[in-house]
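Remarks on the structure that follows.
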């Protein structure tokens with residue numbers, strides 16, 4: 001039996017550790033926009049793109065793994081934050097579920113400290129968007145919609 005195509009793809013946007021502190025944490029690097037404001041932009045664009053979006057912010061690596069492994073989404077937009085540079089477990093979970101994935105960072109990790117330039121997630125993601133502040137998330141939403149459309153999972157807009 002052929003799988004029915006979902007006209008409204010389900011996208012999981014996953015914010016990693018410390019992103020709940022946006023707007024007041026190292027504003028010279030991450031800006032002054034709160035996570036709530038960023039989430040509002042994500043929800044608005046997802047509606048425009050005819051996508052259902054679930055947004056979670058988790059500080060615990062184990063919780064992030066559990067959500068990824070459940071696979072209750074068609075595509076993943078993930079800002080693994082500090083786990084980008086340390087978590088082989090998150091990398092392996094993304095590889096295991098085999099869903100379109102875009103890695104996101106508010107700052108340009110390639111212009112920062114040496115230890116931040118290595119991403120374990122990039123090896124299994126379809127793409128990485130960094131350095132564009134909250135716009136990185138919006139570009140990632142557009143990218144996963146395009147990836148799903150090219151795969152034939154959803155109609156193009």
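No value in this document is a laboratory result; all are computed from the given coordinates. Owing to the predicted nature of the structure, the values given are computational and were not obtained by experimental measurement. Neighbour counts are summed over all protein chains in view; Cβ atoms, including those assigned to glycine, are modelled from backbone coordinates with ideal geometry.
For region 27-43, the candidate set comprises residues that are free of Cβ contacts under 8 Å to residues at least 40 places away in the same chain and assigned to a helix (DSSP H, G or I); within that set, the residue that is surrounded by the fewest Cβ atoms within 10 Å (Cβ to Cβ) is 28.
Residues in region 125-157 that are more than 29 Å from residue 29 (Cβ to Cβ) and in contact with a helix residue (DSSP H, G or I) (Cβ under 8 Å, 6 or more places away or on another chain): 154, 155, 156, 157. Candidates are the residues of region 69-113 that are assigned to a loop (DSSP other than H, G, I, E, B) and within 12 Å of residue 124 (Cα to Cα); the one that is farthest from the chain's Cα centre (by Cα) is 98.
Of all residues in region 44-65, those satisfying the criterion of being surrounded by fewer than 16 Cβ atoms within 10 Å (Cβ to Cβ) and within 26 Å of residue 146 (Cβ to Cβ) are 44, 47, 48, 50, 52, 54, 56. Considered as a group, the residues in region 131-148 that are in contact (Cβ under 8 Å) with a residue 60 or more places away in the chain and closer than 20 Å to residue 19 by Cβ include one that is surrounded by the most Cβ atoms within 10 Å (Cβ to Cβ), and that residue is 140. Per this entry, residue 98 is not counted among residues that are in contact with a helix residue (DSSP H, G or I) (Cβ under 9 Å, 6 or more places away or on another chain), farther than 18 Å from residue 43 by Cα and without any contact (Cβ under 8 Å) to a residue 24 or more places away in the chain.
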